[in-house]
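My questions will all concern the structure given below.
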């Protein structure tokens, strides 16, 4: 049975919780290749690049009044020709993984992106591998494997592979 989570656009007041969640993964995993925890100021700068009216969004998952996860769709690459593409990220507090918070976050994000005034053509996600739970989540939401890079990131004294995934927002593509 899934938890009674609520989902909404993230607000500046959510940044301490978002920063705490992100830093957990920096400190405890190789799914993020940051090596040092980020500051609240870092997350404030990051947050300033999002706007719910654009294709670049941050959505929060809440359990009661507590933010327990978030997802984002950010600029994929800097060059203007990449503008219709986004890169997605998703992080759920470790106490709430496996309880459908990630599915709820992605459901809302992709619904919003599908009806966005700024049309989205592709969404990309980069996963450190192995990461079977994240791979399963991305497959459920229509992502397919698009590329595999070996030893791309170095953390915890060893190299880690990454896998790129893509999701089409154009039904004609058949992805």
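Scanning for something in a loop (DSSP other than H, G, I, E, B) and either free of Cβ contacts under 8 Å to residues at least 40 places away in the same chain or loosely packed, with under 13 Cβ neighbours inside 10 Å (or both), does region 13-22 turn up at least one residue? Before the answer, list the steps.
Residues of region 13-22 in a loop (DSSP other than H, G, I, E, B): none.
Scanning region 13-22, I find no residue that is in a loop (DSSP other than H, G, I, E, B) and either free of Cβ contacts under 8 Å to residues at least 40 places away in the same chain or loosely packed, with under 13 Cβ neighbours inside 10 Å (or both), so the answer is no.
Could I ask something else about it? Residues of region 101-149 being more than 15 Å from the chain's Cα centre (by Cα) and in contact (Cβ under 8 Å) with a residue 24 or more places away in the chain, which ones?
Taking region 101-149 as the starting set, the residues that turn out to be more than 15 Å from the chain's Cα centre (by Cα) are 114-121, 129-130, 132, 144-149.
Result: 114, 116, 117, 118, 119, 120, 121, 129, 144.
Out of region 73-85, which residues are without any contact (Cβ under 8 Å) to a residue 40 or more places away in the chain and either surrounded by fewer than 18 Cβ atoms within 10 Å (Cβ to Cβ) or within 16 Å of residue 47 (Cβ to Cβ) (or both)? Quick ask: steps written out before the conclusion?
Start the filter on region 73-85 by keeping residues that are without any contact (Cβ under 8 Å) to a residue 40 or more places away in the chain, which leaves 74-75, 77-85.
Once the filter is applied, which keeps residues that are without any contact (Cβ under 8 Å) to a residue 40 or more places away in the chain and either surrounded by fewer than 18 Cβ atoms within 10 Å (Cβ to Cβ) or within 16 Å of residue 47 (Cβ to Cβ) (or both), region 73-85 yields 74, 75, 77, 78, 79, 80, 81, 82, 83, 84.
Any read-out appearing in this document is the output of simple, stated calculations on the displayed coordinates, not a laboratory observation. A quick note: this is a predicted structure, and the numbers were derived from the prediction, not measured. Neighbour counts are summed over all protein chains in view; Cβ atoms, including those assigned to glycine, are modelled from backbone coordinates with ideal geometry.
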